[in-house]
Structures are given as structure tokens and as C-alpha cells.
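The values are calculated or read from the model by the stated rules, or taken from the named source; none is laboratory data. Predicted model, so just to flag it, every value in this text is computed and none were measured. FYI the Cβ positions are ideal-geometry reconstructions off the backbone, even for glycines, and counts take in every protein chain you see.
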């Protein structure tokens, strides 16, 4: 087990989350990932890192079939500018490489914003490629002290 997966699982255990670990080979699309994880595409939740400033970041939990609605997120956070950090910066902040980022066990604990459409059983990154944790969305958001808001729109 990779150090990233160990960290994510330890964090889930520390939060008393109920979860199931899924391991699968490489996937090339959302549909393939959903099939490999035994969930619907909307149940795969991407953990996006957004940058408000050089020292201020947030996790945004986005369903697989949706994308961040930047105007909604800026309004929620009361800022005029938000960007995605570089892959290197995201790694420095979270300790996870892109494609494996999870809000569980991040090197730097970040505030969490979960899109309002996330509900029920979801599959989030498990800290390494091909590893996911299936958890209850409400339980995860509550354990992380996350905020729930309408911050996404359907993917185009």
C-alpha cells in the first residue's frame, strides 16, 4: 500500500468514517472509473484544489458528471479571483499528486466545500492511482466540517 493510501485510510479511521476500499487498474474515462468502482459516474467525486491566494486554498468536492461553476464559487467565497494551482503546488499543499487527491489525510488541512448535488454513497480518491474509498457523502462532509453549497454545473 502506498504512503498516500495509508495516509488517506488513517485519516478516514481517525474520523470514524465507514468506508470500503476499491482498487482497480488504470482507467481512461469517467465511465471506466465508475464501472471499475461499481458506482454511477455522478457518484465519483473529484477533490479539486482551488487557490484564493498564495497561502489560501480550498478543497471543492465535485461530482464526476459536473464541473466547478466559477462564478458561483467566487460568489460563495466573496472573492473576485480563484485559480487552480499548478500540479506541483497542489502536491506541496496536499501531499497527493493530481488524480489521487483526497480531502482525507492532506498534508495541509483545508476547508472543504461540497457541491449540493453530492449525496448518498460516493467514491473519492484514495491517495494513489487506482485506489478509491466509498463513503457516505453526508458522513464525509460532516466529519470534515465541510460546507455544502451549489458550486457546480453539468459538464459540457
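Figures for the structure shown
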{"read-out": "Condition met for residue 99 (part of a loop (DSSP other than H, G, I, E, B), touching a helix residue (DSSP H, G or I) at 6+ places or on another chain (Cβ under 6 Å), in contact (Cβ under 8 Å) with a residue 24 or more places away in the chain and within 22 Å of residue 9 (Cβ to Cβ))", "value": "no"}
{"read-out": "Count - residues of segment 129-156 that are part of a loop (DSSP other than H, G, I, E, B), touching a helix residue (DSSP H, G or I) at 6+ places or on another chain (Cβ under 9 Å) and either within 17 Å of residue 67 (Cβ to Cβ) or modelled with pLDDT of 95 or more (or both)", "value": "4"}
{"read-out": "Members of segment 4-25 that are loosely packed, with under 13 Cβ neighbours inside 10 Å and touching a residue at least 60 places away in the same chain (Cβ under 8 Å)", "value": "16, 18, 20, 25"}
{"read-out": "Among (1) in contact with a strand residue (DSSP E or B) (Cβ under 6 Å, 6 or more places away or on another chain); (2) within 21 Å of residue 109 (Cα to Cα) - the single one residue 22 does not satisfy", "value": "(2)"}
{"read-out": "Sole residue being more than 19 Å from residue 10 (Cα to Cα), touching a residue at least 60 places away in the same chain (Cβ under 8 Å) and surrounded by fewer than 16 Cβ atoms within 10 Å (Cβ to Cβ), chosen from 37, 121, 81, 28", "value": "121"}
{"read-out": "Pairs where the first residue, in segment 145-156, is without any contact (Cβ under 8 Å) to a residue 40 or more places away in the chain and the second is loosely packed, with under 15 Cβ neighbours inside 10 Å, C-beta under 6 Å, 6+ apart", "value": "148/116"}
{"read-out": "Residue count for segment 90-118, restricted to those that are within 20 Å of residue 28 (Cα to Cα), surrounded by fewer than 23 Cβ atoms within 10 Å (Cβ to Cβ) and more than 11 Å from the chain's Cα centre (by Cα)", "value": "1"}
